[in-house]
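Asker: Pasting a structure here, questions to come.
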Amino acid sequence: MPKLIQINSVCNGSTGKIMGDIQRRANIEGFDTLSIYARGEGYKNLRCVKVGGFFSFWFHVALTTVFDKQGHGSYFKTKKIVDILRREKPDIIHLHNIHGYYLNYPLLFRYLKDEFKGKIVWTFHDCWPFTGHCAHFTVAACDRWQEICYNCPNKTKYPVSLIFDSSNSEYKNKKEYFTGLNDLTITTPSYWLKELVCKSFMGKYEVKVVNNWINSDVFKPTFDDEVLKKYSIPNDKRIILGVANVWDERKGLRVFKEIANRISDDYSVVCVGLSSKQINALPDNVIGVLRTDNQRELAVLYSNAAVYINPSKEETFSLTVLEAISCSTPVIGFDTSAVKELINDDNGLLLFDDDIDVYINAVYKIASRAKNSEKMKAFSDRYNANVQIGKFIEIYNS
């Protein structure tokens, strides 16, 4: 029985759900599995080990905030991870996000290079593994990562550093530690991200695309007036919907506020996934919904929307776009990242300009079109969990 160990910062959110879905399928396929994570709650009915700690996390945050050293704290927590790996003796180690204030990557990669003899799979959920600092660089229009990072324009973006800029030395450190592994396969959720990886110092490895996936048994046209009543969403207006796990500047909450100020009264703007503080700061013409893990309620909100908008210009996939399409809701997004792989003439509109009038005209254009639910379903069915996770099983077995 081959043994698979996955490592990620969390068991929740999109990357955590991906790790859990892989573990469930791997169990069915006969693998002995374990997931190692740092924060939050673990999986129910799956074998997992939590290694993070309060003081370790905040020390790592401080180290990064002052010295720009994401991935250099958490020494003893990472030693615990390495001890688990030595004890469990996995055949396959699948890395997910190794950033997130929980892991000392030099310590882990010394083990992977010097001791581990099995297969390594590393899913890049963002661009952090091949830059000197940032997880995304599209908006900054920065291409220094292709040669060597320095004077990072995203120093105050995640992972935030308010004082020193270590992007140059960190680029060199990552290149040293992340290259030279004997049996590494990199996977990306989109061809857009694969192309970036191939231009980076990690491009010498094999890079395969394994798309993210959704549960089409949940995300399908679903209607329930009680859910709309619960969130005070009017059923006599066209809903413009936005959904995010964390609404930061990159996710574009500002866009929805401006649309609400200028769109006709026939529409109502709803943003899902906000914090209580963000909801309290919303103008009266925007309806805010707290973060929820209730996927059926999300399906109802998607299904009742006239249009779903993702204003982010930096997406390595975008599960929310795919979830909306699966619920037969047309989508609007930008062509600047992986979202362009998900939007076509049958399911939405791609934008090339972020002017608010462009958004509003796109909303009106979609509202005037007939909805092609059959083609939207056929498209979303490509991102079937069995098919996509099956690609990981093939990689494990190769």
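Every number in this text was worked out from the coordinates using simple rules, so none of it is lab data. For clarity, every value in this text was computed on a predicted model and none was experimentally measured. In this analysis, Cβ positions are derived from the backbone assuming ideal geometry, glycine residues included, and neighbour counts consider all displayed protein chains.
Asker: What relative contact order, as a whole-number percentage, does region 225-382 give when Cα pairs under 8 Å and 6 or more residues apart are counted? Walk me through the numbers before you get to the answer.
Answerer: Working: 265 pairs, mean separation 31.2, N = 158.
Here the relative contact order equals 20 percent.
Asker: Next up: Can you find, among 54, 12, 305, the residue sitting farthest towards the positive end of the charge dipole of the chain, where Lys and Arg contribute +1 and Asp and Glu -1 at Cβ?
Answerer: Towards the positive end, the residue furthest out is 54.
Asker: Let's test this: bin the Cα-Cα distances of region 91-195 at 10 Å from zero up to the farthest pair and state each bin's percent.
Answerer: 14, 46, 33, 8, 0
Asker: Another question, if that's okay. What is the P(r) of region 291-343, as percent of Cα-Cα pairs per 5 Å bin from 0?
Answerer: Whole-percent P(r) values from 0 Å outward: 4, 23, 30, 21, 16, 5, 0.
Asker: So what is the diffusion coefficient of region 244-306 in µm² per second by Stokes-Einstein at 25 °C and 0.890 mPa s, using a Kirkwood Rh over Cα pairs? Walk me through the numbers on the way to the answer.
Answerer: Working: Rh = 12.3 Å.
Rounded, D is 199 µm²/s.
Asker: Hey, can you rank 373-382, 127-136, 274-283, 180-189 by average C-beta count inside 10 Å, highest first? Intermediate results must be reported in sequence, preceding the final value.
Answerer: Numbers: 373-382: 15.5, 127-136: 22.4, 274-283: 12.8, 180-189: 18.7.
Highest-to-lowest ranking by the protection proxy: 127-136, 180-189, 373-382, 274-283.
Asker: Once you sort the root eigenvalues of the Cα gyration tensor of region 3-210 as a ≥ b ≥ c, which label holds: rounded (a/c under 1.5), prolate (a/b larger than b/c) or oblate (the other case)? Display every interim value, and only then the final one.
Answerer: Details: a/c = 1.65, a/b = 1.33, b/c = 1.24.
Because a/c hits 1.5 or more and a/b exceeds b/c, region 3-210 counts as prolate.
Asker: I've got another one for you. List the relative contact order of the chain as a percent without decimals, with contacts defined as Cα pairs under 8 Å and 6+ residues apart. Please list the in-between numbers first.
Answerer: Values: 773 pairs, mean separation 48.8, N = 398.
With pairs under 8 Å counted, the relative contact order is 12 percent.
Asker: To continue, here is another question. List the aspartates and glutamates whose alpha-carbon lies under 19 Å from that of residue 375, not counting same-chain residues fewer than 8 positions away?
Answerer: 217, 323, 341, 345, 346
Asker: A further question follows. Over all distinct Cα pairs, what is the inverse of the mean 1/r for the chain, reported as the Kirkwood hydrodynamic radius in Å? Don't skip to the answer; put the middle values down first.
Answerer: Values: mean 1/r = 0.0453 Å⁻¹.
Mean inverse Cα-Cα distance, inverted, gives 22.1 Å.
Asker: Something else: With the contact rule set at Cα under 8 Å and sequence spacing of 6 or more, what percent relative contact order holds for region 14-78? Don't jump to the answer; show the numbers that get you there.
Answerer: On the way: 58 pairs, mean separation 13.6, N = 65.
Computed over region 14-78, the figure is 21 percent.
Asker: A further question on this structure: About the Cα centre of region 3-210, how large is the charge dipole given +1 on each Lys and Arg Cβ and -1 on each Asp and Glu Cβ? Please answer in debye to the nearest 20.
Answerer: Numbers: 29 positive and 19 negative charges, 86 e Å.
Dipole magnitude for region 3-210 comes out near 420 debye.
Asker: Cα centroid distance between region 367-395 and region 288-316, in Å?
Answerer: One Cα centre to the other: 17 Å.
Asker: Tell me the angle of helix 105-114 to the major Cα principal axis of the chain, expressed in degrees between 0 and 90 and rounded to the nearest ten.
Answerer: Result, in degrees: 50.
Asker: Could you derive backbone 3J(HN,Hα) for region 199-213 from the dihedral phi with the Karplus parameters 6.51, -1.76 and 1.60 (θ = phi - 60°), listing whole Hz in sequence and x where the residue is Gly or Pro?
Answerer: These are the phi-based 3J(HN,Hα) values: 8, 9, 5, 8, x, 6, 8, 5, 10, 10, 8, 10, 5, 5, 9 Hz.
Asker: Largest first, please: the extent of the C-alpha atoms of region 225-382 along each principal axis, to the nearest Å.
Answerer: 37, 33, 29
Asker: To continue, here is another question. Once you charge only the Cβ atoms, +1 for Lys and Arg and -1 for Asp and Glu, what is the size of the charge dipole of the chain about its Cα centre, to the nearest 20 debye?
Answerer: Numbers: 51 positive and 46 negative charges, 258 e Å.
Taking the Cα centre of the chain as origin, the dipole is about 1240 debye.
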